[in-house]
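What follows is a single structure, written as structure tokens, with notes after it.
The values are calculated or read from the model by the stated rules, or taken from the named source; none is laboratory data. Just so we're clear, the structure is a prediction, and the values are computed from it rather than from any experiment. No Cβ is skipped: glycine too gets one built from the backbone with ideal geometry, and neighbour counts run over all protein chains shown.
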DNA sequence: GCTCCTCCCATTGTATACAACCTAGCGAGA
DNA sequence: TCTCGCTAGGTTGTATACAATGGGAGGAGC
């Protein structure tokens, strides 16, 4: 028996649009016109509308009644808010995870931490591919911690809070220095979790998030000045 | 048709269904059949489907592909999860609110605290009406604190986390003793916020939430035994 | 009696037709 | 020139028709 859930058209549309938005294919504030999307994705407007409704709930698009949907834009204040939430939510997840995480999850965390440092990874990737890989690996790392908190609602909230277009863009701006810092925190987090030290896990995770926040905000300002 | 009603059909349907579910009009796990709802609410299936999609995002209904929507049910574990989140989210909101809340909001908090204690309230209400009033007042109290955290995303997360059918039911189970405790915490919270004591505001709010959690869990177990 | 198979119907998923609405653009009058 | 109002085109909101899915009743075979 396959684990596969039968994908209805609307959820395929939903996932497609979500990816496109997260990867920045649609610019912030770009209008999403139902008929255009329908034609592009070879479905009628019905599943498009359903997907847009779901995307609005996820906070990725904004729908104004009788005016339509647009890709949500994120101001510097929004970024600040988001990271404030991430610190609280992911910190709490880390705290819970410290007493709940399993051996296999810890192994995966250490493995990811090593790989993100460039070790155990000998394939040649283009810059674009490497970024994409890093986004995935980093996402998986944080996802494992979130899941190890063993509170599905918390996990979902984190998922929704983290998934914004900027996260993808941010990795383009990272310099080797930022990666070193980030990797350092990943090891610290894995260490605290392995030690079962809930207090330290939360603190370190929060610091990691704040570090990311400060960098992204700095980068955003520079980007705006340029 | 009355003038000034700008709301589209689907959002009216959404609000109607939401209220009904929150107030327990539809039992947990009850199937929500589109055509029945359509007939009852005098609209076609289209806005019904849209509303159901939104309700699923809010976590109030569960939609299984090709099988339809059902009112989501909440296990004891779910309740535990929810209150765990509430403690973190509302605690954080209270912390933030301590340095951001305004005079008028504080006044309203004190006013609500007094009213919930039965003071300044001389109308005669039936038990049903009183419960309904208390749910509203308590919701407003917590809503003000959440809003005073000045992070709209946090506020929204709290809203979605708090709004589950059980919250409404729980008030039916409260005895005078529980009300005394709850009111005591409300005063403590307002006091900490007025003093600008962020640390204490967070701690007291968390205690308040945990108090509620323990009571609801106890009540749920008794309810299941009976 | 038990299992399996098939068909049927209730219900959901999608497409399309139509109504309501918003906005841009033009022109008339002050 | 500026403002107001009107019309037209484009887009969203809703209704309806049709296709696809799933589950259950009932019968055939053992």
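Looking at the structure I just gave you, is residue A:45 within 12 Å of DNA strand D (Cβ to nearest atom), at pLDDT 95 or above and within 9 Å of chain B (Cβ to nearest Cβ)? Outline the logic, then answer.
Numbers: within 12 Å of DNA strand D (Cβ to nearest atom): yes; at pLDDT 95 or above: yes; within 9 Å of chain B (Cβ to nearest Cβ): no.
Considered against the rule, which asks whether it is within 12 Å of DNA strand D (Cβ to nearest atom), at pLDDT 95 or above and within 9 Å of chain B (Cβ to nearest Cβ), residue A:45 comes out as no.
Among all residue pairs at least 6 apart or on different chains, which show Cβ distances below 9 Å where the first residue, located in the stretch B:60-88, is at positive phi and the second is assigned to a helix (DSSP H, G or I) and within 16 Å of DNA strand D (Cβ to nearest atom)?
Pairs found: B:68/B:34; B:68/B:52.
Quick check on residue B:149: is it without any contact (Cβ under 8 Å) to a residue 12 or more places away in the chain and buried (at least 16 other Cβ atoms within 10 Å of the Cβ)? Don't jump to the end; show me each part of the working.
On the way: without any contact (Cβ under 8 Å) to a residue 12 or more places away in the chain: no; buried (at least 16 other Cβ atoms within 10 Å of the Cβ): yes.
Considered against the rule, which asks whether it is without any contact (Cβ under 8 Å) to a residue 12 or more places away in the chain and buried (at least 16 other Cβ atoms within 10 Å of the Cβ), residue B:149 comes out as no.
Is it the case that the stretch B:114-122 has a residue that's in contact (Cβ under 8 Å) with a residue 60 or more places away in the chain, over 19 Å from the mean Cα position of the chain (by Cα) and surrounded by fewer than 17 Cβ atoms within 10 Å (Cβ to Cβ)? Lay out the reasoning, then the answer.
Our first condition is that a residue be in contact (Cβ under 8 Å) with a residue 60 or more places away in the chain; within the stretch B:114-122, this holds for B:116-117.
Of the ones still in play, those that are also over 19 Å from the mean Cα position of the chain (by Cα) are B:117.
Checking the rest, the ones that are also surrounded by fewer than 17 Cβ atoms within 10 Å (Cβ to Cβ) come to B:117.
Yes, because at least one residue in the stretch B:114-122 is in contact (Cβ under 8 Å) with a residue 60 or more places away in the chain, over 19 Å from the mean Cα position of the chain (by Cα) and surrounded by fewer than 17 Cβ atoms within 10 Å (Cβ to Cβ).
Do you know which residues across the stretch B:41-51 are free of Cβ contacts under 8 Å to residues at least 40 places away in the same chain and within 26 Å of the chain's Cα centre (by Cα)?
Just the residues of the stretch B:41-51 that are free of Cβ contacts under 8 Å to residues at least 40 places away in the same chain, to begin with: B:41-49.
Matches in the stretch B:41-51: B:41, B:47, B:48, B:49.
Checking the conditions here, which among B:56, B:25 is in contact with a strand residue (DSSP E or B) (Cβ under 7 Å, 6 or more places away or on another chain) and either within 16 Å of DNA strand D (Cβ to nearest atom) or outside the structural domain of residue B:148 (by TED's automatic domain parsing) (or both)?
Numbers: B:25 fails: in contact with a strand residue (DSSP E or B) (Cβ under 7 Å, 6 or more places away or on another chain).
None of the other options fit; the residue is B:56.
For residue A:59, are the conditions met, namely being within 14 Å of another protein chain (Cβ to nearest Cβ), buried (at least 16 other Cβ atoms within 10 Å of the Cβ) and modelled with pLDDT under 95? First the steps, then the outcome.
Details: within 14 Å of another protein chain (Cβ to nearest Cβ): yes; buried (at least 16 other Cβ atoms within 10 Å of the Cβ): yes; modelled with pLDDT under 95: yes.
Here the answer is yes, as residue A:59 does meet what is asked.
So, of the residues in the stretch A:26-37 that are away from chain B (no Cβ under 14 Å) and under 14 Å from residue A:68 (Cα atoms), which turns out to be nearest to DNA strand C (Cβ to nearest atom)?
So the first thing to find is which residues in the stretch A:26-37 are away from chain B (no Cβ under 14 Å), and the list is A:26-33, A:35-37.
Those still in the list that are under 14 Å from residue A:68 (Cα atoms) too: A:29-33, A:35-37.
Numbers: A:29: 14, A:30: 16, A:31: 11, A:32: 16, A:33: 13, A:35: 9, A:36: 14, A:37: 11 Å.
Checked the stretch A:26-37; the qualifying residue nearest to DNA strand C (Cβ to nearest atom) is A:35.
From B:109, B:154, B:134, which residue is crowded, with 22+ Cβ neighbours inside 10 Å, more than 30 Å from residue A:63 (Cα to Cα) and away from DNA strand D (no atom under 16 Å from the Cβ)? Steps first, please.
Numbers: B:154 fails: more than 30 Å from residue A:63 (Cα to Cα); B:134 fails: crowded, with 22+ Cβ neighbours inside 10 Å.
On inspection, the qualifying residue turns out to be B:109.
Counting just the residues of the stretch B:63-79 that are more than 12 Å from DNA strand C (Cβ to nearest atom) and either more than 25 Å from the chain's Cα centre (by Cα) or within 16 Å of residue A:156 (Cβ to Cβ) (or both), which one comes out surrounded by the most Cβ atoms within 10 Å (Cβ to Cβ)?
Looking at the filtered set, the residue picked out is B:72.
Those residues that are within 15 Å of DNA strand D (Cβ to nearest atom) and within 9 Å of chain B (Cβ to nearest Cβ), I need them from the stretch A:62-82; list them, please.
Scanning the stretch A:62-82 gives A:65, A:66.
Give the residue, chosen from A:93, A:51, A:97, that is buried (at least 21 other Cβ atoms within 10 Å of the Cβ), more than 12 Å from chain B (Cβ to nearest Cβ) and assigned to a helix (DSSP H, G or I). Lay out the reasoning, then the answer.
Details: A:93 fails: more than 12 Å from chain B (Cβ to nearest Cβ); A:51 fails: more than 12 Å from chain B (Cβ to nearest Cβ).
Going through A:93, A:51, A:97 in turn, just one is buried (at least 21 other Cβ atoms within 10 Å of the Cβ), more than 12 Å from chain B (Cβ to nearest Cβ) and assigned to a helix (DSSP H, G or I): A:97.
Among helices (runs of 4 or more DSSP H) lying entirely in the stretch A:165-226, which contain 1 or more residues that are free of Cβ contacts under 8 Å to residues at least 12 places away in the same chain? Can you show your working first?
Details: elements: A:165-173, A:176-195, A:198-225.
Hits in the stretch A:165-226: A:176-195, A:198-225.
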